[in-house]
Structures are given as C-alpha cells and as structure tokens.
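Shown next, in structure tokens, is the structure this report addresses.
The numbers here are math on the coordinates, done by the rules we state, and not lab data. Predicted model only: the values in this text are computed from it and were never measured. Don't worry about glycine lacking a Cβ; one is built from the backbone with ideal geometry, like all the others, and counts go over all protein chains shown.
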Amino acid sequence: ALYVACEHNDLEVAKVLIEARADLNVATTEDGSTPLIVAAQSGYVRILDLLVSAGCDCNKPRNEVGRRATPLYVAAINGQAEVARRLLATSVDVNTADSDNASPLYVACREGFEDVVVELLGAQADPHRAVE
C-alpha cells in the first residue's frame, strides 16, 4: 500500500501508512522497487523527504532480476537533480554501481544530465569509478 501511495505521489496517504508503521523498505514483486526508488524515479521530493525522515534505507537497491540500482542511481539515470541533492544529504554511497558496474555519475554523464553530474561531483563522486 505504501508503494502505491508513493507511486501516485499521495503524500497524505503515505503519512497515514507510515504512522501505521508500514514497512518503509518493502520491495514490490514486479521489479524489486521500494517506495523510495519510485519517489526517486519520478522526482517526488515531498514523498522522498517523508520516507527519509521516517528512516527508510536510502541505499537499498532495486533487486530486479539481472539489474541492481540504488535510489541515487535511479535518480541519476532519470535526471532527477533535486532528488539526487536530497539523497546526497543523507548517508548514501555516491559511487555505488548497478549490476553492470555503471555508477550514478556514469549514467548521468551518458544521459546528458549536467545538473545531476554537478550534484554528484559536488558530493565527491569518483570520476575514475564511473565504469570499471
């Protein structure tokens, strides 16, 4: 239910579910996305802030079969600079790569999201770690 509230950017329902102690880190069965992943992908910063302040795991990756991607990676590949900025203010690892060993910095560069690149470099992303 929390995933669906986040997917629809329904802040009020998400608040109620969190107050009722919904699992913040539960992954969906389709692709392994968490509520934070869907907020990061869609740029729902108010939902993201709510989840972060409630204590969700900001490094928990999507565990889609054959693909592994953290919320920061998902924000980077979707050009969500504000989401990246907010995630970088938490304890996320700026250099965690996906299952193909592509870092958030690499995918932001590849996709041409300069504003995301600036955020990642400002957080000390390792340009030599982009793809190994």
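Computed quantities for the displayed model
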{"item": "GNM result for the chain, Cα springs below 10 Å: residue of 100, 57, 115 fluctuating most strongly", "result": "100"}
{"item": "Ellipticity estimate at 222 nm from DSSP helix runs (n ≥ 4, -39,500 (n - 2.57)) divided over the chain, nearest 500", "result": "-13500 deg cm²/dmol"}
{"item": "Full-stretch length increase - residue 10, residue 99 - with 0.36 nm per residue and alpha-carbon distance subtracted", "result": "29.0 nm"}
{"item": "Gap separating the Cα centres of the stretch 71-112 and the stretch 1-24, nearest whole Å", "result": "24"}
{"item": "Contour excess over end-to-end distance, with Cα ends at residue 30 and residue 128 and 0.36 nm allotted per residue", "result": "32.0 nm"}
{"item": "Test item: Cα-centred dipole of the chain, Lys/Arg +1 and Asp/Glu -1 on Cβ, debye", "result": "180"}
{"item": "Contact order normalised by residue count of the stretch 2-129, Cα under 8 Å, 6+ apart, percent", "result": "19"}
